[in-house]
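What follows is one structure encoded as structure tokens, with my remarks underneath.
The values are calculated or read from the model by the stated rules, or taken from the named source; none is laboratory data. Values in this document were obtained by computation on a predicted structure and should not be read as measured data. Don't worry about glycine lacking a Cβ; one is built from the backbone with ideal geometry, like all the others, and counts go over all protein chains shown. Calculation scope for accessible area: heavy atoms of the full protein, side chains included, ligands and nucleic acids excluded. Shrake-Rupley method; radii C 1.70, N 1.55, O 1.52, S 1.80 Å.
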Amino acid sequence: SDHMENIYGYLMKYTNLVTGWQYRFFVLNNDAGLLEYFVNEQSRHLKPRGTLQLAGAVISPSDEDSHTFTVNAASGEQYKLRATDAKERQHWVSRLQICTQHHTEAIGKNNPPLKSRSFSLASQGSANSPGVQRRPSQNAVSFFNVGHHRLPAGKRVPIMQPDHLVDMMSQAEGQQRDLIRSIECLPVSGHLTSLDQDLLMLKATSMATMNCLNDCFHILQLQHASQQKGSLPAGTTISWLEPKISLANHFKNGAAQNFPAEINKPASVREEQSIAEPCQLTREPEEINPDEELEDICDDKEDDLGAVEEQRSVILHLLSQLKLGMDLTRVVLPTFILEKRSLLEMYADFMSHPDLFIAITNGTTPEERMIRFVEYYLTSFHEGRKGAIAKKPYNPIIGETFHCSWRMPKSEVATDDGSNFSAHSPSEQGTLSKNLESQTELDYYTVKFVAEQVSHHPPVSGFYAECVERKMCVNAHVWTKSKFLGMSIGVTMVGEGLLSLLEHGEEYTFSLPCAYARSILTVPWVELGGKVNINCAKTGYSASINFHTKPFYGGKLHRVTGEVKQNTTNTVACRVQGEWNSVLEFTYSDGETKYVDLTKLSVTRKRVRPLEKQGPFESRKLWQHVTESLRDGDIDKATEHKRALEERQRNEERLRAETETPWCTKYFLKEGDGWVYHKPLWKTVSAAQTQQTDAN
């Protein structure tokens with residue numbers, strides 16, 4: 001009875017991207033089984049601003065942090081809430097779960113199960129409903145021959161052993177596969193089609209049920225492992241913990257996939273599965289010699305629409321499983337929509353204008369340096385996209401790294417004469433690249449880049465670039481959060497970057513815009529949206545940049561506007577407008593106007609080590625078989641290689657959970673809420689200056 005007392009208090013409630021988090025006064029009404037909230041405690045006597053029925057609800061602590069949790073009502077409505085600390089969250093979660101269980105059981109007692117149940121594929125309701133008129137005599141039992149089995153009276157349910165559970169999961173998987181196959185084999189026209197609304201809903205709910213069972217099964221595995229831990233030697237694994245079935249990616253175009261035996265798998269797949277657990281490899285940072293890197297010759301433009309058109313049924317099948325606002329972090333997307341590069345390499349491609357990057361520190365005044373940074377920032381997104389088609393880079397494996405560098409002739413870097421942009425034709429750029437090899441070390445600057453996937457859940461990447469000669473570096477961490485928005489997918493880039501200009505003692509903090517994949521059923525394309533800020537606390541200069549999404553009616557695509565101002569005097573030093581993938585117009589305080597055509601802007605090819613010199617967890621080496629299969633157009637083979645990598649990552653994560661072994665990063669260290677490169681230039685330069693002072 002103590003646990004069923006009403007509780008109340010303030011919690012933060014997430015509303016939307018615009019409003020964000022707001023404090024609200026919540027009341028748990030145990031007698032009615034309701035969670036209610038009010039604007040504040042004083043308005044408690046008024047009508048609640050919102051109410052959730054807790055019967056049948058699911059209360060889930062979030063893995064984002066130790067304060068957040070969600071309440072998912074049976075109606076589909078969701079509250080995302082945040083307590084002040086982990087203790088308060090546990091208090092609310094436990095009370096909500098007790099109340100939910102009590103009222104869910106009460107409904108079950110008051111509504112006994114029917115003697116005979118069948119799932120009608122027709123819409124339930126009156127005989128006049130459209131579903132009944134469409135196919136009045138058809139139901140799931142008659143069509144799929146699916147029945148429900150009841151235990152004889154008085155017979156107790158036997159306690160399942162682990163191996164029995166695996167067998168039952170395997171049987172359930174087979175039955176669900178048969179169900180999907182039966183639906184997909186239906187004609188595309190007629191009274192009962194494979195795209196019927198009820199059948200699509202049946203596919204979605206059956207898949208959701210299997211995913212839920214898989215999650216429960218994994219929880220049982222972890223519980224069993226913790227019970228056995230005390231009686232087993234350290235490092236011992238339990239045989240039944242390794243999954244004997246694969247619940248992800250059952251189908252391609254609706255057909256069941258036959259998973260070949262281990263002996264029949266290609267050698268490359270067996271190699272991917274047999275790579276040792278990353279923490280058992282050397283996690284010591286590796287110094288990459290830029291002289292070992294060669295100019296990149298890969299040019300994987302993503303202009304092929306054929307795969308998207310041919311795989312329409314796969315996209316429809318995927319959409320039938322998603323809900324608006326659903327987090328896509330754990331959703332396995334089909335292989336054919338992938339780019340031929342990792343997300344870590346995509347971050348490197350944002351640095352494809354190293355001349356503009358280096359030119360930032362050459363500005364003679366704080367105002368000029370801020371303007372140059374904004375100019376560089378806005379020109380970086382165009383080259384980050386490989387073609388006009390919205391495809392998705394590989395999700396990096398935890399521990400994955402990417403290294404590259406750029407060599408930039410000093411004569412091509414703007415000084416203080418205002419010539420910020422260099423434009424070369426492709427032929428001129430090719431000649432320039434060839435001439436680089438014959439130049440001495442003093443003739444060019446080197447920009448080095450390293451990226452690492454430092455976390456899997458949530459997916460966080462860290463990347464760092466530096467130019468030692470110009471004493472400048474940039475450090476950033478990005479958490480990509482994907483959500484399903486109906487006919488588009490939104491990706492929020494949570495995190496922060498820091499540009500350090502050590503010659504001037506200045507630090508610039510910046511954020512990243514959101515990205516959207518639009519028209520995912522036709523010709524998918526990418527647009528950026530949201531407001532980003534750039535700030536330099538020392539100089540008092542800041543910049544606000546707005547990436548505008550296209551309005552429903554009219555308006556331009558890819559529009560961007562922004563301004564640079566001095567915070568102390570509130571004077572505007574520069575305004576910018578245009579398109580982030582086309583032409584930008586910069587208007588300065590002296591009235592001068594400059595236009596930059598991004599399509600004609602020179603691109604410096606990055607330099608990477610050959611595959612044979614790369615480590616097993618460097619991006620191109622790790623994904624090489626997936627990339628080769630995509631280049632050959634062999635989607636099935638690419639899917640097989642991709643699945644092997646993902647399955648290995650899941651097994652490693654499970655093993656770390658069993659042995660309570662923390663993940664060890666290689667290049668980045670956790671500092672507060674962010675990740676910082678282990679040997680940033682500001683520490684190296686500071687140490688060198690200290691040594692010089694001591695010597696003097």
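What are the residue pairs meeting all of these: first residue in segment 88-112, first residue at pLDDT 85 or above, second residue in a helix (DSSP H, G or I), Cβ atoms under 6 Å, and 6 or more apart or on different chains?
Here the result reads 98/3, each pair linking segment 88-112 to a residue that is in a helix (DSSP H, G or I).
For segment 627-638, how many residues meet the condition of being open to solvent by less than 20 Å² (accessible area, probe 1.4 Å), out of contact with any strand residue (DSSP E or B) (no Cβ under 7 Å at 6 or more places or on another chain) and under 21 Å from residue 348 (Cα atoms)?
0
Quick check, is residue 485 touching a Lys or Arg at 6+ places or on another chain (Cβ under 8 Å), in contact (Cβ under 8 Å) with a residue 40 or more places away in the chain and open to solvent by 40 Å² or more (accessible area, probe 1.4 Å)?
Answer is no for this residue.
With the requirement that a residue be within 17 Å of residue 106 (Cβ to Cβ) and polar (S, T, N, Q), what does segment 21-53 give you?
Correct list: 29, 30, 53.
Return yes when residue 388 is modelled with pLDDT of 75 or more, assigned to a loop (DSSP other than H, G, I, E, B) and of a type outside the set (Val, Ile, Thr) and no when it is not.
Criteria not met by residue 388.
Within the bounds of segment 621-629, is there any residue that is touching a residue at least 12 places away in the same chain (Cβ under 8 Å), over 30 Å from residue 368 (Cα atoms), in contact with a His (Cβ under 8 Å, 6 or more places away or on another chain) and in a strand (DSSP E or B)?
Looking through segment 621-629, none of the residues is touching a residue at least 12 places away in the same chain (Cβ under 8 Å), over 30 Å from residue 368 (Cα atoms), in contact with a His (Cβ under 8 Å, 6 or more places away or on another chain) and in a strand (DSSP E or B).
Out of the residues in segment 600-619 that are in a helix (DSSP H, G or I) and surrounded by fewer than 22 Cβ atoms within 10 Å (Cβ to Cβ), state the one that is nearest to the chain's Cα centre (by Cα).
611
Please work out if residue 342 is open to solvent by less than 20 Å² (accessible area, probe 1.4 Å) and at pLDDT 90 or above.
yes
List the strands (runs of 3 or more DSSP E) that sit entirely inside segment 442-558 and contain at least 3 residues that are assigned by the TED database to the domain that holds residue 654 and more than 21 Å from the chain's Cα centre (by Cα).
Answer list for segment 442-558: 444-455, 460-467, 472-484, 489-501, 506-510, 525-536, 541-548.
So residue 619 fits all but one of (1) more than 24 Å from residue 449 (Cβ to Cβ); (2) out of contact with any Gly (no Cβ under 8 Å at 6 or more places or on another chain); what number is the exception?
(1)
Filter segment 559-574 down to residues that are open to solvent by 30 Å² or more (accessible area, probe 1.4 Å) and more than 14 Å from residue 547 (Cα to Cα), then give me how many there are.
The qualifying residues number 7.
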